[in-house]
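Single-structure report; data block below.
The values are calculated or read from the model by the stated rules, or taken from the named source; none is laboratory data. Just so it is clear, the structure is predicted and the values come from calculations on it, not from any experiment. Here the Cβ positions follow ideal geometry from the backbone for every residue, glycine too, while neighbour counts run over all protein chains shown.
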Amino acid sequence: MVTIVGEIYVRHNPYANLFIIDELEKLGLKVELASMREWFFYTNEMYKETTLREGKPLEFIKNRIRNFYQEIVDKRLEEPFKDLIKGFEEPDIEHIIKLGEKYIHRSLRGEAILSVGKIISSIERGRDGVVNVMPFTCMPGNLTVAVTSQIERDFPEFPILSLSYDGSRQANYLNKVRTFVAQVETYHRKKKIKPIYTKF
């Protein structure tokens, strides 16, 4: 099982990411996609901090009511599918931010801290690899790529593939994907024999 993280539009639009989920599944992997909901709850969390810092109690209350309502709707939507999505529940957004904060300060806002936090969460939840997708020259995406070098030092066997997209298929694109799949399979086999990462 691998997780797709990264820039929100690219990861959710198969035409923008060259159908990366299909490619990975054709090569035998199971894939989970980081949901859109994390961005909604992340922006709520960041606005909460802004209203507290700027002393706007009314806006803070409105934000908390909105967040509470969204959580209710989220749970109602999940309820009919709870057996189907067991093991794929989305982590709490504050937990994702805290995981990301080990590498990026939360004041540096945007998708980077979410992508990094989701990578660590994927390791924590026993996934076998992560694909980080982004538009070509995307600043938060490039920041995530820079930080993944540190993550790879901390978790040297965990496969991470970063892919940037500019609307064209690069010559070595499929080779990168196939190499990643081979790394995932190796990691999965090793993990079945002996847990690799058990503490965070």
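Got at least one residue in the range 85-108 being outside any loop (DSSP other than H, G, I, E, B), touching a Gly at 6+ places or on another chain (Cβ under 6 Å), assigned by TED's automatic domain parsing to the domain that holds residue 146 and at pLDDT 90 or above? No, there is no match, as no residue in the range 85-108 is outside any loop (DSSP other than H, G, I, E, B), touching a Gly at 6+ places or on another chain (Cβ under 6 Å), assigned by TED's automatic domain parsing to the domain that holds residue 146 and at pLDDT 90 or above. Yes or no: the range 29-47 includes at least one residue that is among the small types (Gly, Ala, Ser), on the phi < 0 side of the Ramachandran plot and without any contact (Cβ under 8 Å) to a residue 60 or more places away in the chain. Within the range 29-47 (the criterion being among the small types (Gly, Ala, Ser), on the phi < 0 side of the Ramachandran plot and without any contact (Cβ under 8 Å) to a residue 60 or more places away in the chain), the answer is yes, since at least one residue qualifies.
The set of residues in the range 122-141 that are surrounded by fewer than 24 Cβ atoms within 10 Å (Cβ to Cβ) and either modelled with pLDDT under 90 or more than 21 Å from residue 25 (Cβ to Cβ) (or both) comprises 123, 124, 135, 136, 137, 138, 139, 140. Could you say which residue among 144, 148 is touching a helix residue (DSSP H, G or I) at 6+ places or on another chain (Cβ under 9 Å), assigned by TED's automatic domain parsing to the domain that holds residue 1, among the β-branched types (Val, Ile, Thr) and crowded, with 22+ Cβ neighbours inside 10 Å? Unique residue meeting the criteria: 144. In the range 156-168 there is at least one residue that is surrounded by fewer than 20 Cβ atoms within 10 Å (Cβ to Cβ), in contact with a Ser or Thr (Cβ under 9 Å, 6 or more places away or on another chain), at pLDDT below 90 and farther than 16 Å from residue 3 by Cβ.
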